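Here's the structure we're looking at; comments come further down.
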Amino acid sequence: MIEKKEKKGNVTVYYVKKNYEDNKLEKVMNKKLKKDDIETIINHDADVYTIDGKLLLRFRKNKLKKQNIDAFYNNIIKFALTTTSNRGSASGSKKKNVYNNPKIMSNIIGYFDKLSPQHKSLFKKMGKPLPKITVRETRFTADYPDKFNKTIPLIKEIDKYYEEFIPEHYKKQKKKANQTPFHIADTAFTTVTTNVNYQTTVHTDKGDDPDGFGNLVVIENGKYSGGETCFPQYGIGVDVRTGDLLYMDVHQPHGNLPIELENTEVKRLSIVCYLRKSIWEQTKGKTRKFMQRQNKTMKNLKKD
């Protein structure tokens, strides 16, 4: 709920208070939002603070370069359309077996901190114990290095604005990224998640750096409505479109509204760049030679 609003140059600054207390959050967690759950949608340059002065989000319109957007989209979209069932509660599922979860188009590039079921199966078949360090290149990064490299200019641009707009959080996160070789090309990020036409449930991001600040970029291909990223406890959301940047406190419950596509060919690709805490914990102080050996070990695993 908006308590106060003021203008600072071209930026509208909002101060918001909770519509309900934390003890009522259980009613909305891991559930999909409806339009009626949100009172205000922002579609202009804005900073949003809680009434006690904590930054909730910072939103800027039309900041990203078209050439970087196009390069990212053209090189990732085929992979981003791959379906997976490993998003658990963010997909609205409570199934213990991930294979029983809904199939959604949510994928990761860069580096990850967990072995895939296939990796675990291969180690078992070879009679080898699972490695203590489970950090690895993601499938896209390992199999398509040329395409991955062409996504990096946009990731670097997101990183540059992160440093500009959220400097205190950026400094802490970049320090951690510099302590592990498993990070993306001189950025504060280890990992990127891509989602296509995916409405998440209300959730918090548990695997990323607790000292960092989240971000969201969207690339549109075709017309759609909805999909706004929202903080239901505060009744506020943001309509992120191509070229826009949203930095947000992802440790607060958030989710997006239903996405209504004009036709089945429309794609709304959302991009989230972050540093995974476990990657830093497992590999801080490791060398690039260690990273190369680790990546080679994972890549050389063969099916029987």
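Projecting label points 7 angstrom from Cα along Cα→Cβ for V266 and T287 puts them 5.4 nm apart.
Over region 187-304, the pair-distance histogram of Cα-Cα distances with 10 Å bins from zero comes to 12, 36, 26, 19, 7, 0 percent, rounded to whole numbers.
Pairs spanning more than 22 Å between alpha-carbon atoms, out of K172/K284; K132/K289; K103/K299: K103/K299.
In region 7-84, the DSSP beta bridges split such that about 55 percent are antiparallel, to the nearest 5. Expressed to the nearest 5 percent, the antiparallel share of DSSP beta bridges inside region 2-299 is 85 percent. Straightening the chain between K132 and E26 buys 34.7 nm, computed as 0.36 nm per residue apart minus the Cα-Cα spacing. Taking all Cα pairs closer than 8 Å and separated by 6 or more residues, the relative contact order of region 2-299 comes to 25 percent. For the peptides 247-255, 49-57, residues were scored by their other Cβ atoms within 10 Å and the scores averaged per peptide; the highest-first order is 247-255, 49-57. If R0 is taken as 41 Å, the Cβ-Cβ distance between K114 and K65 corresponds to a FRET efficiency of 0.80.
For a 21 Å ceiling on Cα separation, which of these pairs sit above it: K65/K160; K78/K223; K156/K206; K78/K150; K27/K267?
K156/K206; K27/K267
Rule-based calculations on the coordinates, nothing more; no lab input. Just so you know, these numbers come straight off a predicted model, no measurement behind them. All Cβ positions, even for glycine, are placed from backbone atoms using ideal geometry, and neighbour counts span all protein chains on display.
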